[in-house]
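One structure below.
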């Protein structure tokens, strides 16, 4: 496997794998035919273990292509079912760090909306509760830092995802005038760069769940990466 295809594996046993997905890498194959996370990891397992058939590996949650960070993958159907059930029961905790353009009015709070995905555009919007197909979306946020730049304020927040909807964090912040840094879909400042790749200011930095066999709570953390977070480490300019 080429060096650039290396994906950090944080934890692995016979039931699951926790890895750190690089931003820009799709979770599974799509129409671009670019390398994807599942295929690369399956190939790694196959080469390492010398399996006679394709190893079982499936994602029990998703990260958008421009988003990097921690992901848990199931190595058996039983583990996949158990982890999916935890998500339905609210036992699976997912935390992100995000950098948005603008200034939060409150240092912490909750965002609640109803979202509707447009299958043709692959974009999601905030709609009224009684809209056909709308799904309830909820997240908690807490301010980490805020800096002033020549182009305006940038705000760094910790996000606890209560529900997992399509583009949820991106849409909910954008609908409040706080689009994420680098987001070519929901941030007008970056929309002109849509045809070129931009890493978004969003990173999955913490996962916590119960091991599907032992029941032990496992918690994994990592630090966010990318230009948006590097900007937050620089004094106001």
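For segment 102-121, residues that are surrounded by 15 or more Cβ atoms within 10 Å (Cβ to Cβ) and either in a strand (DSSP E or B) or out of contact with any strand residue (DSSP E or B) (no Cβ under 7 Å at 6 or more places or on another chain) (or both) total 6. Given the options 99, 127, name the one that is modelled with pLDDT of 95 or more, surrounded by 15 or more Cβ atoms within 10 Å (Cβ to Cβ) and farther than 22 Å from residue 204 by Cα. Only one candidate qualifies: 127.
Within the group 184, 196, which residue is surrounded by fewer than 20 Cβ atoms within 10 Å (Cβ to Cβ), under 26 Å from residue 71 (Cα atoms), modelled with pLDDT under 95 and touching a helix residue (DSSP H, G or I) at 6+ places or on another chain (Cβ under 7 Å)?
On the way: 196 fails: touching a helix residue (DSSP H, G or I) at 6+ places or on another chain (Cβ under 7 Å).
Answer to the check: 184.
Considering each residue of segment 75-101, count those that are part of a helix (DSSP H, G or I), touching a residue at least 24 places away in the same chain (Cβ under 8 Å) and under 28 Å from residue 175 (Cβ atoms), and give that number. Number satisfying all stated conditions: 1.
Condition test on residue 62, is it part of a loop (DSSP other than H, G, I, E, B), over 20 Å from the mean Cα position of the chain (by Cα) and either under 21 Å from residue 221 (Cα atoms) or without any contact (Cβ under 8 Å) to a residue 40 or more places away in the chain (or both)? Step through it out loud before you land on a result.
Details: part of a loop (DSSP other than H, G, I, E, B): yes; over 20 Å from the mean Cα position of the chain (by Cα): no; either under 21 Å from residue 221 (Cα atoms) or without any contact (Cβ under 8 Å) to a residue 40 or more places away in the chain (or both): yes.
No, not satisfied.
Among residues of segment 29-55 that are free of Cβ contacts under 8 Å to residues at least 12 places away in the same chain, those with a Cβ under 9 angstrom from a residue that is in a helix (DSSP H, G or I), sequence gap 6+ or separate chain, pair up as 29/38; 29/39; 51/45; 53/46.
For residue 132, the conditions (1) closer than 22 Å to residue 209 by Cβ; (2) assigned to a loop (DSSP other than H, G, I, E, B); (3) out of contact with any strand residue (DSSP E or B) (no Cβ under 8 Å at 6 or more places or on another chain) all hold with the exception of (1).
For segment 204-218, the set of residues classified as in contact (Cβ under 8 Å) with a residue 24 or more places away in the chain and either in contact with a helix residue (DSSP H, G or I) (Cβ under 8 Å, 6 or more places away or on another chain) or part of a strand (DSSP E or B) (or both) consists of 204, 205, 206, 207, 208, 209, 210, 212, 213, 218, listed by residue number.
When restricted to residues that are assigned to a loop (DSSP other than H, G, I, E, B) and loosely packed, with under 15 Cβ neighbours inside 10 Å, segment 36-54 contains 5.
Residue 124 - would you say it is touching a helix residue (DSSP H, G or I) at 6+ places or on another chain (Cβ under 8 Å), without any contact (Cβ under 8 Å) to a residue 60 or more places away in the chain and either more than 30 Å from residue 216 (Cα to Cα) or not in a strand (DSSP E or B) (or both)?
Numbers: touching a helix residue (DSSP H, G or I) at 6+ places or on another chain (Cβ under 8 Å): yes; without any contact (Cβ under 8 Å) to a residue 60 or more places away in the chain: yes; either more than 30 Å from residue 216 (Cα to Cα) or not in a strand (DSSP E or B) (or both): yes.
Yes, satisfied.
Sort out which residues of segment 135-180 are modelled with pLDDT of 95 or more, part of a loop (DSSP other than H, G, I, E, B) and buried (at least 18 other Cβ atoms within 10 Å of the Cβ), and write them in order of number. Scanning segment 135-180 gives 167, 178, 179.
The values are calculated or read from the model by the stated rules, or taken from the named source; none is laboratory data. Computed from a prediction, not measured in an experiment: that's the story for all the values here. Because the Cβ atoms are built from the backbone with ideal geometry, glycine has one as well, and the counts that use them run over all protein chains shown.
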